[in-house]
Structures are given as structure tokens and as C-alpha cells.
Amino acid sequence: MDNVYVYHSGSATDSQVVSDYVRHFLHQHTIQLWQPATVKVVANLIRLLSYGGTVIKAPFAIGGSGSSYLYGFFDQAWREGMTKDEAEVLISGRE
């Protein structure tokens, strides 16, 4: 899926395995249903493969040791309807 990005924190090996499984299941989903999965389907699949968890609809997600600072920053800098290029500029810090 071109509109879903997976952020991981912690063991990269574990995250990579989950990502590989999700990619496989999404490929099967697309073949069986003749349409790509929704973001909600992807989120629930990751939740199920990641020892349970919670799915919360949010405009963005942040995690890690600096996430408290970043939430404050993104609350002000992020805006609804940003293009992919605008979002990449926002997260990279380049102008």
C-alpha cells in the first residue's frame, strides 16, 4: 500500500517480521477482493500481529523518548490536508 507507513520503536527485527507478514496478507487481500485494503484493515492487522494493542483514529502518531516534545510540535505544525511532499518537509526539517 502506498498510503500506509509503519513506524517502529524497539527491536527492528520484530518490526520487520510483522511488516513482512502484513505485506503478505495485504497482497492476498488485494488478490481475493480485487481492491486494496483500507488503512483501517492494515491497522487492525498490525494490531492483531503485535500482541494485541489498540487502534485509535488519529491524524498522526509519534513514539519514542522524545515523543512528548514532538506531540507539542506537531500539534502546532501539522495541518489537515497536507500533501505527501509537505509532510516529508515537515518531518525532515528541510525547507
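Some points to look at:
- When the helices of the chain are scored as -39500 (n - 2.57) per DSSP H run of n ≥ 4 and the total is divided over every residue, the value at 222 nm lands at -18000 deg cm²/dmol.
- Counting every pair of alpha carbons in the chain, the share spaced more than 20 Å apart comes to 48 percent.
- Angle in degrees between helix 39-49 and the longest Cα principal axis of the chain, rounded to the nearest 10: 70 degrees
- Taken over the stretch 42-95, the percentage of Cα pairs per 5 Å bin, counting from 0 up to the bin with the maximum distance, is 4, 16, 20, 21, 19, 14, 5, 1.
- Counting heavy atoms of the protein chains alone, L90 has an accessible area of about 40 Å² for a 1.4 Å probe.
- The equivalent ellipsoid of the stretch 16-61 has semi-axes of 19, 14, 8 Å, largest first, where each one is the square root of 5 times an eigenvalue of the Cα gyration tensor.
The values are calculated or read from the model by the stated rules, or taken from the named source; none is laboratory data. Worth saying up front: this structure is predicted, and the values here are computed from it rather than measured. These area figures cover heavy atoms from the full protein model, side chains too; ligands, DNA and RNA do not enter into them. Shrake-Rupley method; radii C 1.70, N 1.55, O 1.52, S 1.80 Å.
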